[in-house]
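J.: Right, I'll just put the structure down here and ask away after.
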Amino acid sequence: MDRIAELLWQRLRDPAVRLVLAASAAAALAVVCLVGWSAQPDRFSRGFAPAQPIPFSHRLHAGSLAIPCQHCHSGADRSRSAGVPSLEICMGCHKVTRIKSPPIRKLASLYESGGSLAWKRVHSLPGHVFFDHRPHVSAGIACQTCHGPVQDMAVLRQDMSLRMSHCLSCHRDPKAALPAGSAIARGPENCYACHR
Amino acid sequence: MAEPIEPDLSRREFLGVLGASAALAAGCSRPDRGEIVPFDKRPAGARPGNADLYASAFQEGLSAYGVLVKTREGRPIHVQGNDKHPSCAGKTSLRAMADIMGLYDPGRLRRPLVKGRPASWDQARGRLLSDLLGARAERRPVLLMTNALLSPTRRALVAALGKALPGLKHAVREPACGGAEAAALKACYGDARRPRLRLDRAKVMLALEVELLSGDRPEEIKGFAANRGEGSMSRLYAFEAGMSLTGANADHRVPWKPSRAAALGFALARALHQSGRPLPAGVADSVLAGFDLEALAKEQGADPALLRALAEDLKRAGSSALVVAGPALPPQAHAAAFLLNTMLGAEGSTVDASISPPAEELAGDEESSRFLLEAAQGRFAAAVFWGVNPAYAFPDAALWDSSAAAIPLKARIGRTLDETARACDIVLPEHHWLESWNDFEPSSDLLLLQQPAVAPLYDTRQGDDVLLDLLRGLGGGAPLDYRSYLMERWRREVQPASSLLPFERFWSSALHDGALRREAASRPPRRLDGAAVTKLARQTGAPAASGFELILSPGANVFDGRYADNGWLQELPDPVTKLSWGNAVCVSPADAVRLGLADGDIVELSAGGVEVELPAVVQPGQAPGTLGAALGYGRRAGSVAAGVGVNLFPMLAGSGAAGLLLPDTELQKTGCRTALPFIQRHHKMEGRDIARSITLAKSRQPRLTHSKDLATLYPPRKFPKHKWAMAVDLSLCTGCQACAVSCQSENNVPVVGAERVLEGREMHWLRVDRYYEGPAENPKVLLQPMMCQQCDDAPCETVCPVAATNHSDEGLNQMAYNRCVGTRYCANNCPYKVRRFNFFEYNAQTPESRRLAFNPEVTVRPRGVMEKCTFCVQRIQEAKAAARSAGRALRDGDIEPACAAACPAGAIVFGDLKDPASRVSRLAARGRGYRVLEELGVKPSVTYLADLSNPAGDRDAS
Amino acid sequence: MPATASRKDFLKGLAGLWAGLGALAGGAVIGWKDVFSSRRQPAPRRLKPPPHSVKRDG
């Protein structure tokens, strides 16, 4: 036993050995960190505000023009996902309004040619989360409660943390989010409510 | 001592480089959450996230069933029954549900082929049309071989084609239908129309070598289940060689050689006549003189008292009796069944021929051989094979090869490059039925409409459109597409003259419902030809053969082989043998002992000069001297099907084969063995009362459960709002396994393959267990659907080290896939063994086209994760959210798990135990109710109702 | 065994060390590929609805 310890100690005297050991330890650590980091859910949650193919402004439409949310996001009370309006909905107004501005012309040409407009997704939940808008909308929770002051956003950003702990904290004490006089005391806390 | 080596990079610099590269990596990767692409123009009613339902119809052979197709984002993901179907009301064939995988089969042909090379439709059609025109000019015949049409519009189209092409010879082939029944019908009634069986009207049934209760017969199962409760109880006698579900569910099952089935029938007729029932005109007493029940009983080793009781029961039931002979039996047995039904007054009551659709002339093996012989002599100028697969299913392979070689142009209309397609010059890829338009007439008072649930996936055409196009090319006037042709016929012939609706409204309404009831043209009741019966009776005698009597039946799941490439149907076990991924020959226990055979021994069967080798299975209840095996295996084409099982169709070519019954088969051991992928290997309950059966008389006794006696360490759970539970009535369950297919479809349950099944790693969340009790010669069979019991005190929850499984406040055992690390301790602890582990990436390896069938509401599980039945929590959550949106409370019946929705017998009921008025609450409180392994104290949420049996002598059949 | 290491021993040790690191790295690469290949697959594509069929309402 002592001989082996002696041998190892001998080896460590050599700066080359020390260098290689340190570098490999660092490399291993780096690999572990990198893999672990990549496998983590998106750390860039709040504030994520990607540039969109057409610079749609909620501040203009939902704010100044006061268009109700569900006029465009009509799925919110009848489907799991609120949905994004079809180009036809946009063209409903933009056949006549602002038709000369470049973004509208881009929109119109996409619509005419049957091309597709790919918005960059802002709010994203991982695949093991099955969120349903309906119970939240029918409970009377305002869209802004979770999506923030969308009517003030020129570029849409994720305002609220989408982490489970955040959802659970509201489920456990929803009074602030619910309208006055709501009979709901708590939201569900069991796994199956959101995970299947 | 070695010199210290100076590093090129100083420590400081090295760490700096490391840090910089990490920062660069971090900075460069921008999170991308993907894109949302909205519609350009949203189709009316389309809403991503919500399912759409289309009514349609599924045809197979001589039956058609209504379906509802659920689609999500344009993709059909689930097939269920059509609630507007008059007799099946929400139930459908097991294979209709499974065949959704046919739509997404990665082996589907995507474009036409000419001489094996991809071609355009114009090229392929052009070639075929020019050859047909040439054939017509030269007055040479053309062969058209199809499956049964069952569609009045399709029939009209083929007839029109025949007019435009006078040399057209149309042969209708259904390889799994023996010709004996049709021959007997024609001889005895002058009409090959198959009557409808009204099991719901039958109080006493005699099943002679026939399977009435399998998953492809939802109407019969539904009718049978109508009389299997305390309120109204029928009695079923089954006389058969092999064990079928009918035999398993029978109150009395008697092992009986098929060659003596006719004799039994005539002996019963004689007994009925002796006790007062008159014989129909043309049948003299003397004809039946030679048939004696007592002697027959002794000959077959059966109890004479039972046969006497059978005769008594039949006589007492009168018009509520029903006698059915199976397709493998010779015409004599069918004639005996006709005679009995007539004498009992069942004709028109339990056997209803008044609404049978027009009979299709099926070209049996003999007639097909004649066609192929002509072909071999070079008579045909061309042949079109639509749907049929004679290169696989035609018994005489040599004749097929020589015929195929002698036909100058062979065209195939089909979905995949199967055995026949490989032999053909022109291959025209066909739509799947989920992409097709048609109508079907399963009975003369009902028309089912088939409409596409999705636009065609590939560059395919509906077969009917191909024929329509040829018709146009041959000069027959025809609309541009089959849909127009169909609508025209409906406008002209189907919409009643009295209807005040404009046709478009009538048509839309019919498509919406999927089923149209009609006035059946009244027909004079059919009359039994006594002389024909007499003739057949005189031909009935004891067989001289010394060998085994082998019955070949279509595979319970793969049918005649057309579904062999469907992984779900290969992995779904035979409902009785529980063998998956292949066929085997069933041997009686007595013969097995005598020959020294065990499960897996490979034997050689020879009959009429044809020899095949396949593994043997010892089948409890199989009549000694008989064998049973399934057709539809041994395919040579198909990524899933190829090489699975043994092709037994060649055995039908052996001389002496009377349809599907081979009366003189030799069996020899080869000395080789193979491992058989059984889904269930163990048959005994080992004294643990898992599946219970009580006689009707005893069903009034006190409760079977004893939950109140059990002490427990756990505090009782509280369920504030809902307590989900299930009730499964074993008396109604026939063991058909439609529930298992529906569950697989709804919950993205993967197929694992034969190798994994051999290791016991099949993934079915819901399985039907089959137990044998009693003597192996003729055991009592108990069938029990088994799924996660959602135990209140679940032993799986307490042992998960990462709390991936726990209990919800609504009574469900929750499985969080994301937390699971795969210790599998939970599965170890489960007393019901209903937890399934993803040992490999079963789902990730699914080809892209099959992934389109996944249900987006259910996680697709990766490797390393445990899964199990969730009571279809996605359906529960959907119903709750929908009710909340609509501002109303949940009602009993709003939520139907996939298994409950699929069960043709209505044996599975789901609901809320907190609602005392719900069906499940009432069923759980029944005296017949019990829980499996209740003594363990796990408090399962599934209540089973004991099977009710109604043996003769217990009390009269009510 | 000699008290001091020879150059050959050192090189053998170094080779062994790098072999081990290589195995670790290889494992990491395979593991990475495995984790990311079996991660969330792209959602199944939307198919075209049938043009003339009539849906059930609700």
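The values are calculated or read from the model by the stated rules, or taken from the named source; none is laboratory data. Being a predicted model, the structure only gives us computed values, none of them experimental. Note: ideal-geometry Cβ built from the backbone for every residue, glycine included; neighbour counts use all protein chains shown. For accessibility, only protein heavy atoms count, side chains too; no ligands or nucleic acids. Shrake-Rupley method; radii C 1.70, N 1.55, O 1.52, S 1.80 Å.
J.: Take B:Ser580 and tell me if it is touching a Ser or Thr at 6+ places or on another chain (Cβ under 9 Å) and among the hydroxyl-bearing types (Ser, Thr, Tyr).
T.: Details: touching a Ser or Thr at 6+ places or on another chain (Cβ under 9 Å): no; among the hydroxyl-bearing types (Ser, Thr, Tyr): yes.
No.
J.: Tell me the residue from B:Gly567, B:Gly628 that is within 22 Å of B:Ala238 (Cβ to Cβ) and open to solvent by 10 Å² or more (accessible area, probe 1.4 Å), please. Spell out how you get there, then give the answer.
T.: Numbers: B:Gly567 fails: within 22 Å of B:Ala238 (Cβ to Cβ).
Matching residue, one of B:Gly567, B:Gly628: B:Gly628.
J.: Pick out the one residue from B:Ser63, B:Ser93, B:Ser56, B:Ser120 that is within 33 Å of the chain's Cα centre (by Cα) and surrounded by fewer than 24 Cβ atoms within 10 Å (Cβ to Cβ).
T.: On the way: B:Ser93 fails: surrounded by fewer than 24 Cβ atoms within 10 Å (Cβ to Cβ); B:Ser56 fails: surrounded by fewer than 24 Cβ atoms within 10 Å (Cβ to Cβ); B:Ser120 fails: within 33 Å of the chain's Cα centre (by Cα).
Selected residue: B:Ser63, the only one of B:Ser63, B:Ser93, B:Ser56, B:Ser120 that is within 33 Å of the chain's Cα centre (by Cα) and surrounded by fewer than 24 Cβ atoms within 10 Å (Cβ to Cβ).
J.: Right, here's the next one. Taking interchain pairs and intrachain pairs at least six residues apart, which have beta carbon atoms under 7 angstrom, with the first residue in region B:856-883 and in a helix (DSSP H, G or I) and the second among the basic types (Lys, Arg) and open to solvent by less than 30 Å² (accessible area, probe 1.4 Å)?
T.: From residues that are in a helix (DSSP H, G or I), the pairs are B:Val873/A:Arg196; B:Gln874/A:Arg196; B:Ala881/A:Arg134.
J.: Counting only residues that are hydroxyl-bearing (Ser, Thr, Tyr) and open to solvent by less than 10 Å² (accessible area, probe 1.4 Å), which one in region B:572-592 is nearest to B:Ile679 (Cα to Cα)?
T.: Our first condition is that a residue be hydroxyl-bearing (Ser, Thr, Tyr); within region B:572-592, this holds for B:577, B:580, B:588.
Subsequent filtering for residues that are open to solvent by less than 10 Å² (accessible area, probe 1.4 Å) retains B:580, B:588.
Values: B:Ser580: 7, B:Ser588: 20 Å.
Here the residue is B:Ser580.
J.: Restricting the search to region B:429-445, which residues are open to solvent by 10 Å² or more (accessible area, probe 1.4 Å), modelled with pLDDT of 95 or more and in contact with a Lys or Arg (Cβ under 7 Å, 6 or more places away or on another chain)?
T.: B:Glu430, B:His431, B:Trp437
J.: Listed residues B:Lys868, B:Lys914; which is away from chain A (no Cβ under 14 Å) and either of a type outside the set (A, V, I, L, M, F, W, C) or open to solvent by less than 50 Å² (accessible area, probe 1.4 Å) (or both)?
T.: Details: B:Lys868 fails: away from chain A (no Cβ under 14 Å).
When all the criteria are applied, what remains is B:Lys914.
J.: Within region B:275-292, work out how many residues are farther than 15 Å from B:Ala537 by Cα and hydroxyl-bearing (Ser, Thr, Tyr). So that I can check it myself, show each step before the final result.
T.: From region B:275-292, those farther than 15 Å from B:Ala537 by Cα are B:275-278; that's our starting set.
Subset that is hydroxyl-bearing (Ser, Thr, Tyr): B:275.
Selection size over region B:275-292: 1.
J.: Let me ask something else. Within region B:501-546, can you find the residues that are part of a loop (DSSP other than H, G, I, E, B), of a type in the set (Gly, Ala, Ser) and closer than 30 Å to B:Phe266 by Cα? Step through it out loud before you land on a result.
T.: If we filter region B:501-546 for residues that are part of a loop (DSSP other than H, G, I, E, B), which is where we start, we get B:501-502, B:514, B:518-529, B:539-546.
Keeping just the survivors that are of a type in the set (Gly, Ala, Ser) gives B:514, B:520-522, B:541-542, B:544-546.
B:Gly541, B:Ala542, B:Ala544, B:Ala545, B:Ser546 - these are the residues of region B:501-546 that are part of a loop (DSSP other than H, G, I, E, B), of a type in the set (Gly, Ala, Ser) and closer than 30 Å to B:Phe266 by Cα.
J.: Next up: Collect the residues in region B:604-625 that are assigned to a strand (DSSP E or B) and either more than 30 Å from B:Lys684 (Cβ to Cβ) or open to solvent by less than 30 Å² (accessible area, probe 1.4 Å) (or both), keeping them in residue-number order.
T.: The first filter runs over region B:604-625 and keeps only residues assigned to a strand (DSSP E or B), leaving B:604-607, B:610-618.
Residues satisfying the conditions are B:Glu604, B:Leu605, B:Ser606, B:Ala607, B:Val610, B:Glu611, B:Val612, B:Glu613, B:Leu614, B:Pro615, B:Ala616, B:Val617.
J.: Of the residues that make up region B:263-274, is at least one open to solvent by less than 40 Å² (accessible area, probe 1.4 Å), aromatic (Phe, Trp, Tyr), on the phi < 0 side of the Ramachandran plot and part of a helix (DSSP H, G or I)? Even if it seems obvious, please write down each step before you answer.
T.: The initial filter retains those residues of region B:263-274 that are open to solvent by less than 40 Å² (accessible area, probe 1.4 Å), namely B:263-269, B:271-272.
Keeping just the survivors that are aromatic (Phe, Trp, Tyr) gives B:266.
Restricting the remaining residues to those that are on the phi < 0 side of the Ramachandran plot gives B:266.
With the extra rule that they be part of a helix (DSSP H, G or I), the set shrinks to B:266.
Within region B:263-274 (the criterion being open to solvent by less than 40 Å² (accessible area, probe 1.4 Å), aromatic (Phe, Trp, Tyr), on the phi < 0 side of the Ramachandran plot and part of a helix (DSSP H, G or I)), the answer is yes, since at least one residue qualifies.
J.: In region A:101-158, which residue that is basic (Lys, Arg) and part of a helix (DSSP H, G or I) is least open to solvent (accessible area, probe 1.4 Å)? Walk me through how you get there before you give the answer.
T.: Kept after step one, since they are basic (Lys, Arg), are these residues of region A:101-158: A:105-106, A:120-121, A:134, A:157.
Applying the additional criterion that residues be part of a helix (DSSP H, G or I) yields A:105-106, A:134.
On the way: A:Arg105: 142, A:Lys106: 91, A:Arg134: 7 Å².
Going through the qualifying residues, I end up with A:Arg134.
J.: In the set B:Arg888, B:Arg884, B:Arg928, which member is buried (at least 21 other Cβ atoms within 10 Å of the Cβ), assigned by TED's automatic domain parsing to the domain that holds B:Ala816, modelled with pLDDT under 95 and more than 30 Å from B:Phe837 (Cα to Cα)?
T.: One residue alone meets the criteria, B:Arg928.
J.: Let me ask you something else. Got a sec? Which of A:Ala185, A:Ala193 is exposed (fewer than 14 other Cβ atoms within 10 Å of the Cβ), without any contact (Cβ under 8 Å) to a residue 12 or more places away in the chain and within 12 Å of another protein chain (Cβ to nearest Cβ)? Lay out the reasoning, then the answer.
T.: Details: A:Ala193 fails: exposed (fewer than 14 other Cβ atoms within 10 Å of the Cβ).
When all the criteria are applied, what remains is A:Ala185.
J.: Something else: Among the residues of region B:319-334, is there at least one that is closer than 28 Å to B:Gly61 by Cβ, open to solvent by 20 Å² or more (accessible area, probe 1.4 Å) and in contact with an Asp or Glu (Cβ under 9 Å, 6 or more places away or on another chain)?
T.: At the first step, the residues of region B:319-334 found to be closer than 28 Å to B:Gly61 by Cβ are B:321-334.
From the residues that got through so far, the ones that are open to solvent by 20 Å² or more (accessible area, probe 1.4 Å) too are B:327, B:330-332.
So of that shortlist, the ones also in contact with an Asp or Glu (Cβ under 9 Å, 6 or more places away or on another chain) come out as B:327, B:331.
Checking region B:319-334: at least one residue is closer than 28 Å to B:Gly61 by Cβ, open to solvent by 20 Å² or more (accessible area, probe 1.4 Å) and in contact with an Asp or Glu (Cβ under 9 Å, 6 or more places away or on another chain).
J.: Determine if region A:37-53 includes at least one residue that is open to solvent by 80 Å² or more (accessible area, probe 1.4 Å), touching a residue at least 12 places away in the same chain (Cβ under 8 Å), among the basic types (Lys, Arg) and in a loop (DSSP other than H, G, I, E, B).
T.: Looking through region A:37-53, at least one residue is open to solvent by 80 Å² or more (accessible area, probe 1.4 Å), touching a residue at least 12 places away in the same chain (Cβ under 8 Å), among the basic types (Lys, Arg) and in a loop (DSSP other than H, G, I, E, B).
J.: Which count do you get for residues in region B:834-856 that are touching a helix residue (DSSP H, G or I) at 6+ places or on another chain (Cβ under 8 Å), open to solvent by less than 20 Å² (accessible area, probe 1.4 Å) and either within 17 Å of B:Thr71 (Cα to Cα) or facing chain A (nearest Cβ under 10 Å) (or both)?
T.: 2
J.: In addition: So, of the residues in region B:820-855 that are of a type in the set (S, T, N, Q), in contact (Cβ under 8 Å) with a residue 60 or more places away in the chain and assigned to a loop (DSSP other than H, G, I, E, B), which turns out to be nearest to B:Glu935 (Cα to Cα)?
T.: B:Asn838
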